[in-house]
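Here the structure is laid out as structure tokens; the discussion comes afterwards.
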Amino acid sequence: GNSVTQMEGPVTLSEEAFLTINCTYTATGYPSLFWYVQYPGEGLQLLLKATKADDKGSNKGFEATYRKETTSFHLEKGSVQVSDSAVYFCALSDQAGTALIFGKGTTLSVSS
Amino acid sequence: EPEVTQTPSHQVTQMGQEVILRCVPISNHLYFYWYRQILGQKVEFLVSFYNNEISEKSEIFDDQFSVERPDGSNFTLKIRSTKLEDSAMYFCASKSASNYGYTFGSGTRLTVV
């Protein structure tokens, strides 16, 4: 079945450091891929998405490229801020309308 | 920006009681979902709803769970006889037919005591 695997957290960084959170997936066909962010005490917010191979999703300085050859969708940011501290979830949907499948989430903690 | 609204934000209930969690999806969305997140754990899919019927459900969504769209705007999740292990954050989400943008509500924290 479909699944998403994320790197284990927590990830602890200093402000302005480079961030990578790894995500790989298993799916039949050509899924759409997403990153969601959950700030403390809040719900899930879509951070970025990519719907086909080689697409790059980007938002708020975060980027992720859909790599079909490595079945990956790693999240990156060049310079993190304290306000980026949150839990980040990688997710996939294998066709429009079907449920999102989430990874376990990676907690990011950024200190000043 | 349109929002998915969930009520209540926090519900405490006694074991064995019935609870109804309410959601108002975005008005022109066609697909509706419930997920849950046990504290500190992954977000788990429960059920999806399309065209007034369940389109997909997980093994978690057993006979104690049901969903309804009673009036064309609300989307409810009922848990018939709550157990301690039902304590979790429950998220509602909706999606239009035209894109892959799932919009989530802020969640209802259910605490079963």
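The values are calculated or read from the model by the stated rules, or taken from the named source; none is laboratory data. In this text, all values refer to a predicted model and were calculated from it rather than measured experimentally. We place every Cβ from the backbone using ideal geometry, glycine too, and count neighbours over all the protein chains shown. Remember, those area values only see protein heavy atoms, side chains included, never the ligands or the DNA or RNA. Shrake-Rupley method; radii C 1.70, N 1.55, O 1.52, S 1.80 Å.
Just add up the charged neighbours of residue A:7: K/R +1, D/E -1, any other residue whose Cβ is under 13 Å from the Cβ of residue A:7. Numbers along the way, then the final one.
Numbers: positive: A:104; negative: A:8, A:76.
Neighbourhood net charge equals -1.
Among rounded, prolate and oblate, which fits the protein assembly as shown when a ≥ b ≥ c are the square roots of the eigenvalues of its C-alpha gyration tensor, a/c under 1.5 means rounded, and a/b larger than b/c means prolate?
Details: a/c = 1.91, a/b = 1.43, b/c = 1.33.
Cα axes put the protein assembly as shown in the prolate bin.
Between the range B:36-103 and the range A:18-90, what is the separation of their alpha carbon centroids in Å?
Each part's Cα centre sits 23 Å from the other's.
Taking a ≥ b ≥ c as the square roots of the eigenvalues of the Cα gyration tensor of chain A, is the shape rounded (a/c under 1.5), prolate (a/b larger than b/c) or oblate?
Numbers: a/c = 1.98, a/b = 1.68, b/c = 1.18.
Here chain A falls in the prolate category.
Treating only the Cβ of Lys, Arg, Asp and Glu as charged (+1, +1, -1, -1), what charge dipole size does chain B show about its Cα centre? Round to the nearest 20 debye. Write down the numbers at each step before the final one.
Values: 10 positive and 13 negative charges, 37 e Å.
Result for chain B is approximately 180 debye, rounded to the nearest 20.
Under unit Cβ charges (Lys, Arg +1; Asp, Glu -1), what dipole magnitude, rounded to 20 debye, does the range A:57-106 have relative to its Cα centre?
Numbers: 5 positive and 5 negative charges, 9 e Å.
The calculation lands at about 40 debye.
Could you check the spin-label model distance between residue B:3 and residue A:20? Points 7 Å from the Cα along Cα→Cβ, value in nm.
3.8 nm
Run the numbers for residue A:83 and residue A:39: contour at 0.36 nm per residue of separation, minus the present Cα-Cα distance, in nm.
Numbers: separation 44, 0.36 × 44 = 15.84 nm, distance 0.90 nm.
Contour length minus Cα-Cα distance gives 14.9 nm.
Return the carbon/sulfur percentage of the accessible area of chain B, one whole number, probe 1.4 Å, all protein chains in place. Intermediate results must be reported in sequence, preceding the final value.
Numbers: 2550 of 5780 Å².
About 44 percent, which is the carbon plus sulfur part of the accessible surface.
Could you tell me which of A:10, A:107, A:24 has its Cα farthest along the dipole of chain A towards the positive end, charges placed at Cβ (Lys, Arg +1; Asp, Glu -1), taken about the Cα centre?
A:24
Considering the dipole of the range B:1-106 built from charges on the beta carbon (Lys and Arg +1, Asp and Glu -1) around the Cα centre, which of B:79, B:103, B:60 is farthest to its positive end?
Going by the Cα projections, it comes out as B:103.
Quick one: of A:104/B:83; A:49/B:95; B:42/B:83; A:56/A:77; A:52/B:42, which pairs are farther than 21 Å apart, Cα to Cα? It would help to have the intermediate numbers written out before the result.
Details: A:104/B:83 23 Å; A:49/B:95 14 Å; B:42/B:83 19 Å; A:56/A:77 13 Å; A:52/B:42 25 Å.
Too far apart for the 21 Å limit: A:104/B:83; A:52/B:42.
For chain B, compute the orientation-averaged projected area of the C-alpha convex hull (one quarter of its surface), in nm².
Working: hull surface 27.5 nm².
Answer in nm², one decimal: 6.9.
Whats the longest run of chain B with zero GluC sites (Glu not before Pro) that are DSSP loop and have at most 14 other Cβ atoms within 10 Å?
Details: sites that count: B:3, B:18, B:59.
In chain B, the maximal stretch lacking such sites is B:60-113.
Using a 1.4 Å probe and counting only protein heavy atoms, how much accessible surface gets buried when A and B come together, both sides summed, in Å² to the nearest 100?
Numbers: alone 5960 and 6560 Å², together 10930 Å².
For A against B, buried area totals roughly 1600 Å².
Using unit Cβ charges (K, R positive; D, E negative) and no other charged atoms, how large, in debye to the nearest 20, is the dipole of the protein assembly as shown about its Cα centre? Spell out each step's value before the answer.
Working: 18 positive and 24 negative charges, 18 e Å.
Dipole of the protein assembly as shown, to the nearest 20 debye: 80 debye.
Under the Karplus relation 6.51 cos²θ - 1.76 cosθ + 1.60, θ = phi - 60°, what is the ordered set of whole-Hz ³J(HN,Hα) values for the range B:25-32, x standing for Gly and Pro?
x, 5, 4, 9, 7, 10, 10, 9
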